[in-house]
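Structure record follows, encoded as structure tokens.
The values are calculated or read from the model by the stated rules, or taken from the named source; none is laboratory data. Just so it is clear, the model here is predicted, and its values are computed rather than measured. Cβ: placed from backbone, ideal geometry, glycine included. Neighbour counts: every protein chain shown. Heads up: the accessible areas ignore ligands, DNA and RNA and are worked out on the full protein's heavy atoms, side chains in. Shrake-Rupley method; radii C 1.70, N 1.55, O 1.52, S 1.80 Å.
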Amino acid sequence: MRLIDHLKWPAASVFSIKMTKKVLKEVQPDVNQDLLDKIEKMIWTGSLKPQHLQIPAFINEEFCYDEVVSVEVELREKAAADRVARLLQKAIPYPLVLGFIYKEEFCFQLAEKTIHQQQKDKRKLNQDKFYFSEWMDAEKLSEQQKTYLTNLFLDKVGGTHLKEYFDKLMHHIHDENRQDQLALLALEKKAITIKNEYARERNAAKKAELHHQARALAEQIKALKSRLKDN
């Protein structure tokens, strides 16, 4: 399955066009070659336009959402995802849905862009709204992850114009509640590790430090559980 299939865009907006890394060199001549080497391949997988949805574009002095583009990137190094995303988000002027693949894992990345006031034909990346989904194993999706992906479907996201659609999709990708759930799982795993270390430790000072860490983690877990309950 291609990553764009998780978005469920209309057939007329979906295609497959190979992109060369030479394009990135043309857009940003000083780009680090080492970073480009982290990219295995790039495919332009879709272009969502108003006529595909029968909803209007959204254009004003700050934003231009006349088309939403989808690009799929296969990486040679997973850790390079953030740097590659920032490069592509700057290089491609349209609202962009990035899908990253590393071996069996994948994730999505979106960012808001505003019109550059000095150059109306360029758009400026908003670093404050630069979001990744979690990495997911395509062969080992949990039920929770399957539900999360279903919520990315076009008919689930909706929107009265292209910007509203993109904003809502960005919200689903970011999903603060989901991020809290992931953080809770990580904290609980860490708490178990510290509990086991405490049981094995014989040094009194080290046991006291582990006890302090365990108490701090317990407070964080309690706060996260409370926030998730309120939501």
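Measuring nothing but protein heavy atoms, the accessible surface of the chain at 1.4 Å probe radius is 50 percent carbon and sulfur. Size check on the range 41-95: the Cα extents along the three principal axes, sorted descending, read 39, 24, 13 Å. For the chain, the pair-distance distribution built from all alpha carbon pairs, in bins 5 Å wide starting at 0, is 1, 6, 12, 15, 16, 14, 11, 8, 6, 5, 3, 2, 1, 0 percent. Multiply the residue separation of ASN151 and THR114 by 0.36 nm, subtract the distance between their alpha-carbon atoms, and state the gained length in nm to one decimal. Fully extending the segment from ASN151 to THR114 adds 10.7 nm.
Can you tell me, using C-alpha contacts under 8 Å and at least 6 residues apart, the relative contact order of the chain as a whole percent?
Working: 330 pairs, mean separation 36.4, N = 231.
It rounds to 16 percent for the chain.
Restricted to Cα atoms, the range 1-72 shows a radius of gyration and a Dmax of 15.1, 43 angstrom. Dividing the summed helix terms, -39500 (n - 2.57) for each DSSP H run of n ≥ 4, by the number of residues in the chain produces a 222 nm estimate of -13500 deg cm²/dmol to the nearest 500.
For the chain, a crude dipole built from +1 on the beta carbon of Lys and Arg and -1 on the beta carbon of Asp and Glu, taken about the Cα centre, is about 540 debye to the nearest 20. Using a probe of 1.4 angstrom and keeping all protein chains present, the accessible surface of the chain works out to 57 square angstrom per residue.
3J(HN,Hα) couplings calculated from phi for the range 52-62 with the Karplus curve 6.51 cos²θ - 1.76 cosθ + 1.60 (θ = phi - 60°) are, in sequence order, 6, 10, 6, 10, x, 6, 10, 9, 9, 5, 10 Hz; Gly and Pro show x.
Axis angle, to the nearest 10 degrees, between helix 176-200 and the longest C-alpha principal axis of the chain: 30 degrees. Considering the dipole of the range 1-56 built from charges on the beta carbon (Lys and Arg +1, Asp and Glu -1) around the Cα centre, which of ASN32, PHE15, GLN54 is farthest to its positive end? The residue sitting farthest along the positive end of the dipole is GLN54.
The angle between the Cα long axis of helix 162-174 and the main principal axis of the chain comes to about 20°, on a 0 to 90 degree scale.
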